[in-house]
Amino acid sequence: MAGRWFQHRGVVRALSGLTALACLLTPGVSARAEVLYRVAYIFDCRYEPKTGEGYAGYAVHVHNSDCFDGYYERRCNLPVIPPHVHDESCFDADGKLICGQLELHTHTPSCYDSDGKLICGQLELEEHVHGPECFQRVIVEVDEETGDETIVSVPDTDLETTADWEASLRDVRLSGDPREDLVAVARSQLGYTESSTNIAIGGDFHGGHYNRYGEWYGFPFGAWCAMFVSFCLYYAGIPDEVFPYDSGTVNWVDTLKHRGLFEDVQSHTPVPGDIIFFDWDDGRADHVGIVTEVEGSTIRTIEGNREPVVKEYEYDYIADQLRILGYGILPEKAEEAEAQTLKK
């Protein structure tokens, strides 16, 4: 795959003799040398009185098995608050509440004056029992030697839907020129940043960060430079039949060469709308972006997954030929794109 790779600290070799700890690990997450992972839960309930005023998180609550994780440590950070009914000792001589406790209370007509203004001075507070929605799942890294724990992933954060990413495209106006439209879509994505909390732990993509372009492509934790460019092609209105999409750069270059849509770095002068493929050191495509501007030998690009953010870069396409593999060539006009589609 192309793009950045993530190597999590402490991952060296598989450990043996961890059968007894298997129930503590995330399914599909293996124990590693120096560290292991477990699923834990942090309190994430935003329970509030009906009024929405203050006392967030207070509830009549009795701890149960849901409040403890696999290590039998309390993971619910709310105290047990017994039911309370105010009596005379709860007020001072001026009638001011001094007990500091909350009373379960439902407003009745006597709580309002003739104008409907609340006069009882109490919060309408309902009894609340914490349920699964009050806890947030996290993946915790445990150092076997010290027992120190670090949250390394908060699953289900930063998730996006089609409506979310299409909102970022609302100002894009397609002109019918495939190259121009591709650049316009790419510019609309500048600044998008992959999730820093929702990280794949275990499996083939250990350390992959959740991202919009992988979600769109169906591979939400994959290296996303190629999926970013494919996303831009799709929303620029360039059909896969005209210029094929891919999630990986090596296979993509092979496909483009087979289709006659690829030019190597020595034989092509880049223009805006070209798909630029980079080779860092191994003779194969390692990364991909979109050419947006050309001034003399200076080209500017928009790329994703070179850093965690969609960002602009600048190169001298002559001086930097050793790290530029070549270019994917788009049709210049919509009519050419249609003609290529009809030929297939």
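No value in this document is a laboratory result; all are computed from the given coordinates. All values reported here derive from a predicted model rather than from experimental measurement. Glycine gets a Cβ as well: all are built from the backbone with ideal geometry, and neighbour counts include every protein chain shown.
Evaluated with a Cβ-only charge set (Lys, Arg +1; Asp, Glu -1), segment 160-220 carries a dipole of roughly 120 debye about its Cα centre, given to the nearest 20. Using the Cβ of TYR217 as centre and a radius below 14 Å, the other residues enclosed give a net charge of -4, where K and R count +1 and D and E count -1. Taking the Cβ of TYR313 as the center, what net charge do the other residues with Cβ under 13 Å away carry, scoring Lys and Arg +1 and Asp and Glu -1? Counting the neighbours of TYR313, the net charge comes to -3.
Residues whose amide H lies under 5 Å from that of HIS84, counting only those 5 or more places away or on a different chain, are LEU104; hydrogens are built 1.01 Å from N in the peptide plane.
Full extension of the chain between GLU295 and LEU190 gives 35.7 nm of extra length, using 0.36 nm per residue less the Cα-Cα distance. Here segment 290-332 and segment 145-177 have alpha carbon centers that stand 24 Å from each other. Across segment 90-99, rounded Karplus estimates of 3J(HN,Hα) from the backbone phi angles (6.51 cos²θ - 1.76 cosθ + 1.60, θ = phi - 60°) give 7, 10, 8, 5, 8, x, 7, 5, 10, 6 Hz, Gly and Pro being marked x.
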